[in-house]
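My questions all concern the structure below.
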Amino acid sequence: MKRNAERAITAIGRHLMTAALLLPVTGIALTACGQDTALPAEAPSTVTTEKPEPLPSEQFLRDFETVQDIHEETFSPIPAEDVPYNAFPELSVPTYVTKVEDTYFIVDCYHNQILYHDNLTDPLTDWQVMTNEIDKGHTIASDGLVYLADDTEGNRILVFEKKEGVFYHTQTLDDVGNRPHYILYDAPTDTFYVWSSMSGEMFLCRHDPGDPHMYLTEHRSVHPLSEKDAYVRSFTIDGDHIYFVAGIPGSPAILRADLHTFAIQETYPVPDNIAGMVQLTIAEGSFYITVSTDISGNQDFATMIRTDDLSKLAEGDYEDVYANFIGGGTPYYITLIDNTYYLTEHRIPGHAVWKFQITQDGIHEVEAVY
């Protein structure tokens, strides 16, 4: 209750300050019955005609449930050295690698945990456990203030905050579609996009500037994905476009939509042997697509392909580039960290995380990390 009251007071103060800043020196804009009176002719540039975008606390669908408030004076942080260390010498179906500031994260999906460490060279048992409250979680994303992780089988989002080197689970949002599978923070829209892999739903989440409390601000259903019983493992944001690698039964395809409306703009059919796509990565003028299975779910068809034109996929016109990574496993998500690409992979012991470079000529400098 105290936090809610503080947020309300902060929002009121922000509105009063904003209103004061918009007052022209020579006159005041008055509103009556929904219409503005005319401003003095000598001060037209002091007022903007664009309506500011609502902040999450002003307009939202649901706010996240607070689990613990680490900003209360009574909160007692634990020493960073007391955080549990990873007990497993190897990863079990790792899905995601990322870095926030000076900390690396690995989502160790089948061990139901997220690990963190300050480098990618130490043994995995030197990594510490950020959380083990997830059931087959897949991704983690951050804007530097909060960290959002999907609890895939629990159909929820967990929020973490960092205090004195320790990550604390501070908020939760339940009932997030069916198996939320991929979270991405998009800085241009200042939004966390959370994808429900089995129901074709996107959950857009934000927080007020400087306030870590999260809100669900939009909930969109992407047609035809929400109607076709499709399994979609990820999405890719590219400027004003968003791509979905869609395992639609009977008609697998890559869909390009408008980021702001989610209206489908283009459909690129793909052959059955690459129907179980995982992710599309755009790099150096080419599209790289990781594939988990064929249309029947057979992982023997797992691979990575490259094309310069998505419309060529239907005819099987693409380059198989998985041989760069030995092959035989199942490649999953690709991330870009400090100008180096990273790939998670499973089914091959000792080859769970790779790093590599991409140029216009293709993939180079491939090295197994874990």
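The values are calculated or read from the model by the stated rules, or taken from the named source; none is laboratory data. Only a predicted model underlies this, so the values are computations on that prediction, with no experimental measurement involved. Please note: Cβ atoms are built from the backbone with ideal geometry, for glycine as well, and neighbour counts cover all protein chains shown. Calculation scope for accessible area: heavy atoms of the full protein, side chains included, ligands and nucleic acids excluded. Shrake-Rupley method; radii C 1.70, N 1.55, O 1.52, S 1.80 Å.
Could you grab the pairs with beta carbons closer than 8 Å, sequence gap of 6+ or different chains, first residue in region 217-242 and under 25 Å from Y96 (Cα atoms) and acidic (D, E), second one part of a strand (DSSP E or B) and open to solvent by 40 Å² or more (accessible area, probe 1.4 Å)?
Going by the 8 Å Cβ cut-off, the qualifying pairs are D238/I282.
Considering only region 61-91, state which residues are closer than 14 Å to L124 by Cα, open to solvent by less than 70 Å² (accessible area, probe 1.4 Å) and touching a residue at least 60 places away in the same chain (Cβ under 8 Å).
Narrowing region 61-91 to residues closer than 14 Å to L124 by Cα: 84-91.
Subset that is open to solvent by less than 70 Å² (accessible area, probe 1.4 Å): 86, 91.
L91 - this is the single residue of region 61-91 that is closer than 14 Å to L124 by Cα, open to solvent by less than 70 Å² (accessible area, probe 1.4 Å) and touching a residue at least 60 places away in the same chain (Cβ under 8 Å).
Check every one of the strands (runs of 3 or more DSSP E) wholly within region 229-284 and list those with 1 or more residues that are in contact with a Lys or Arg (Cβ under 8 Å, 6 or more places away or on another chain) and crowded, with 22+ Cβ neighbours inside 10 Å. Quick ask: steps written out before the conclusion?
Numbers: elements: 235-238, 241-246, 253-258, 264-269, 276-283.
By residue number, 241-246, 276-283.
Still on this structure, I have one more. Name the single residue that is nearest to W127 (Cα to Cα) among those in region 150-200 being part of a loop (DSSP other than H, G, I, E, B) and of a type in the set (A, V, I, L, M).
Looking at residues that are part of a loop (DSSP other than H, G, I, E, B) and of a type in the set (A, V, I, L, M), I get V176.
Each row is one residue, and each column tells you yes or no for (1) of a type in the set (D, E, K, R); (2) in contact with a strand residue (DSSP E or B) (Cβ under 7 Å, 6 or more places away or on another chain); (3) on the phi > 0 side of the Ramachandran plot.
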{"residue": "I326", "(1), (2), (3)": "no, no, yes"}
{"residue": "G329", "(1), (2), (3)": "no, yes, no"}
{"residue": "Y341", "(1), (2), (3)": "no, yes, no"}
{"residue": "T359", "(1), (2), (3)": "no, no, no"}
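Quickly run through region 177-197 and pick out the residues that are buried (at least 19 other Cβ atoms within 10 Å of the Cβ) and in contact with a Lys or Arg (Cβ under 8 Å, 6 or more places away or on another chain).
Correct list: P180, H181, Y182, T191, F192, S196, S197.
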